[in-house]
Ligand SMILES: [Fe+2]
């Protein structure tokens, strides 16, 4: 631990269950032949990049699939172990997880966010089933499962109010997360577990890993994704936030769950270039693995 905590990296770490299926880790029951190599190799490049720095003390993940109606929730139990089954793709993802939570930091972020005026709650049910969005992102970034996590839910502000209200809440939640990390003295790795464009096919091939069937759902959402990635690579995340409400509507983007904007808020809306490790489609959706290294910061946007 350092005296003053720090965010060692922020990562856009999407969670298609297909990537776990294609990796064949021992925790997952279904077996595959291959598939989605561009994204899986991108995760490998990301892991190599992170390995060049000392290990983090904690991984903090914001997940689109822990959907909470009243405010933002945080895992508040030290250990969870169970079977996670993707409700849409039970044929691809039946994953036996066993994970440890940094409850101290979880509570600290929860309190910091409440102090900032956000509605928050600790989730203290030991039988709670951890959502697959958090599990998949954590596994693909750190398959060893040897670092405690903090898991943050996605609230319904985008849906109940507007994209603009959701965005404002996520920026505030990100800033609160950064303040809590700094006070904690810990080194934190942050993961935003969302895809980009999210129109998708409603049928899958008989063989799910048949890559002759995989491509973007349509060219329009692909163009939007390319614009978003260009802004990230050029350190223009303030402009990215400006177009985010429209981008969400035009591409049915999973950014509507708030993970990416939370991450940008925690990183202080970075003006330094991000590293795009990979982009690829999964059942037509756009997915990018993107890393921000705060060591490159010359100042916030
Ligand atoms: Fe998802």
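Every read-out reported here was derived from the displayed coordinates using simple, explicitly stated rules and does not represent laboratory data. Every value quoted in this text rests on a predicted model; they were computed, and no experiment measured them. Note that each Cβ is placed from the backbone with ideal geometry, even for glycine, and that neighbours are counted across all protein chains shown.
So the values come out like this:
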| read-out | value |
| --- | --- |
| Subset tally (residues that are away from the ligand (no atom under 16 Å from the Cβ), buried (at least 21 other Cβ atoms within 10 Å of the Cβ) and part of a strand (DSSP E or B)) for region 167-199 | 3 |
| Among (1) surrounded by 14 or more Cβ atoms within 10 Å (Cβ to Cβ); (2) outside any loop (DSSP other than H, G, I, E, B); (3) in contact with a helix residue (DSSP H, G or I) (Cβ under 9 Å, 6 or more places away or on another chain), the one test that residue 209 misses | (2) |
| Selected residue [within 16 Å of the ligand (Cβ to nearest atom) and closer than 30 Å to residue 32 by Cβ] from 212, 154 | 154 |
| Hits in region 141-166 - residues which are within 30 Å of residue 242 (Cα to Cα) and crowded, with 24+ Cβ neighbours inside 10 Å | 150, 151, 152, 153, 154, 155, 166 |
| Selection within region 62-81 - within 13 Å of the ligand (Cβ to nearest atom) and buried (at least 24 other Cβ atoms within 10 Å of the Cβ) | 62, 63, 64, 66 |
| Count of residues meeting criterion [within 16 Å of the ligand (Cβ to nearest atom), surrounded by 15 or more Cβ atoms within 10 Å (Cβ to Cβ) and under 20 Å from residue 24 (Cβ atoms)] in region 86-132 | 6 |
| Search result, residues across region 239-249 that are loosely packed, with under 15 Cβ neighbours inside 10 Å and farther than 18 Å from residue 276 by Cβ | 242, 246, 249 |
| Conditions (1) within 20 Å of residue 144 (Cα to Cα); (2) more than 16 Å from the ligand (Cβ to nearest atom); (3) surrounded by 15 or more Cβ atoms within 10 Å (Cβ to Cβ): number failed by residue 32 | (1) |
